[in-house]
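The values are calculated or read from the model by the stated rules, or taken from the named source; none is laboratory data. Because the structure is a prediction, the values reported are computed rather than measured. Heads up, the Cβs are rebuilt from the backbone with ideal geometry, glycines too, and the neighbour counts pull from every protein chain shown. Quick note on the areas: whole protein, heavy atoms, side chains included, nothing else; ligands and nucleic acids left out. Shrake-Rupley method; radii C 1.70, N 1.55, O 1.52, S 1.80 Å.
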Amino acid sequence: GGNNAGHTVVVDGKEYDFHLFPSGIINPKAISFIGNGVVIHLPGLFEEAEKNEKKGLKDWEKRLIISDRAHIVFDFHQAVDGLQEVQRQAQEGKNIGTTKKGIGPTYSSKAARTGLRVCDLLSDFDEFSSRFKNLAQQYKSMFPTLEVDIEGQLKKLKGYAEKIRPMVRDGVYFMYEALHGSPKKILVEGANAALLDIDFGTYPFVTSSNCTVGGVCTGLGVPPQHVGDVYGVVKAYTTRVGIGAFPTEQINEIGDLLQSRGHEYGVTTGRKRRCGWLDLVILKYAHMINGFTALALTKLDILDVLDEIKIGVAYKLGGKRIPYFPANQEILQKVEVEYETMPGWKTDTTGARKWEDLPPKAQNYIRCVENHVGVPVKWVGVGKSRESMIQLF
């Protein structure tokens, strides 16, 4: 992915929001690596660095490594992203709801083999410039209203090239050495949720990359045999930002309550997230693709005030249960959700620090999720801070 996704991380009472930076950048002992599967908007990277430096992030450039095979998002990719959305709205009456960060157009360039990578920017700049001009020209011919300041852009890019040069490495070799050198913990962070995956998500309302576990191999160059544990991170309820089918959505006071209590806004766009009951059909589907060894169930505390809580356990089409998650959007819009209803715990859980601190009804809710999905819950989140994570085993 790219800086279309955002992760909010709260450490020592400070809230950081990361888009291109791996969340581990806060840890002074960790090396952070942006892999080849990421598309990088260089102005965005430095803007993000500046914002987080103000919050106290230090020496990030000493801990950040960037793969030379990562593709570059240009300003004109972002402009085109906006133009395409306007076009979709005009032609189809609906858009995809992209973040207009240039992600789709950059992956299009990558797939069309006209993209430019970090290694090209740091190599022969004249060669890079002529390829950049060709790419800009292609887009200008497709979008006559597009304006590109080619010389101005190239001048900026040359400046960025020198700023990132010390951080850039051959990513494949870097990962190989990390995997085969002295034993270390390697944590891989994916950009978006499973249902935004280009292959397995709710197409066409998806992102342009593989954000499921396969991205570990393709986005970093890590062979499958090195993939160990796979942790699924899921909220205690379901949210979606942008448009697309959402079977358990609650367009009522429940949805509003989840939205306001959960502060459900997109980290990148600030759009309100749509909210609904936990959808186990989706969670099971994500498990089929990713093979979770454990789950982290977050934001349990948001459900603290509810009298009763529902869990979507199956989809029905024409009154019959279906064992799969429909690929087609129109069919997905038609499914009926079968719910299991549980009593709410009506207790503040934000102070809980171990399993025993959780009310029995909250424990039942968690066990219900485990039983349906067949994956143990290893962490339960009851607040924003790191201390608010209860580890169960």
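Output the strands (runs of 3 or more DSSP E) that fall wholly within the stretch 285-393 and possess 1 or more residues being at pLDDT 95 or above, within 28 Å of the chain's Cα centre (by Cα) and more than 21 Å from residue 194 (Cβ to Cβ), or say none. Steps first, answer last, please.
Details: elements: 294-298, 308-317, 320-322, 336-343, 377-381, 389-391.
Counting at least 1 such residues, we get 308-317, 336-343, 389-391.
What's the total number of residues in the stretch 121-130 that are surrounded by 14 or more Cβ atoms within 10 Å (Cβ to Cβ) and farther than 14 Å from residue 165 by Cβ?
Step one: list which residues in the stretch 121-130 are surrounded by 14 or more Cβ atoms within 10 Å (Cβ to Cβ), which gives 121-122, 125, 128-129.
Now drop any that are not farther than 14 Å from residue 165 by Cβ, which leaves 129.
Residues that pass the stated criteria total 1.
Residue-by-condition table, conditions (1) modelled with pLDDT under 95; (2) under 29 Å from residue 221 (Cβ atoms):
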site: 66; (1), (2): no, yes
site: 88; (1), (2): yes, no
site: 102; (1), (2): yes, yes
site: 124; (1), (2): no, yes
site: 137; (1), (2): no, no
site: 150; (1), (2): no, no
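Which members of the stretch 269-307 meet the condition of being in contact with a Lys or Arg (Cβ under 9 Å, 6 or more places away or on another chain) and among the small types (Gly, Ala, Ser)?
Scanning the stretch 269-307 gives 276, 294, 296.
Name the single residue, out of those in the stretch 262-312 being of a type in the set (Asp, Glu) and open to solvent by 40 Å² or more (accessible area, probe 1.4 Å), that is nearest to residue 214 (Cα to Cα). Reasoning before the result, please.
At the first step, the residues of the stretch 262-312 found to be of a type in the set (Asp, Glu) are 264, 279, 301, 304, 307-308.
The next check asks that each one be open to solvent by 40 Å² or more (accessible area, probe 1.4 Å); those that pass are 307-308.
Numbers: 307: 40, 308: 37 Å.
Per the stated criteria, the residue is 308.
If a residue has to be loosely packed, with under 15 Cβ neighbours inside 10 Å and free of Cβ contacts under 8 Å to residues at least 40 places away in the same chain to count, how many in the stretch 323-333 make the cut?
Count: 5.
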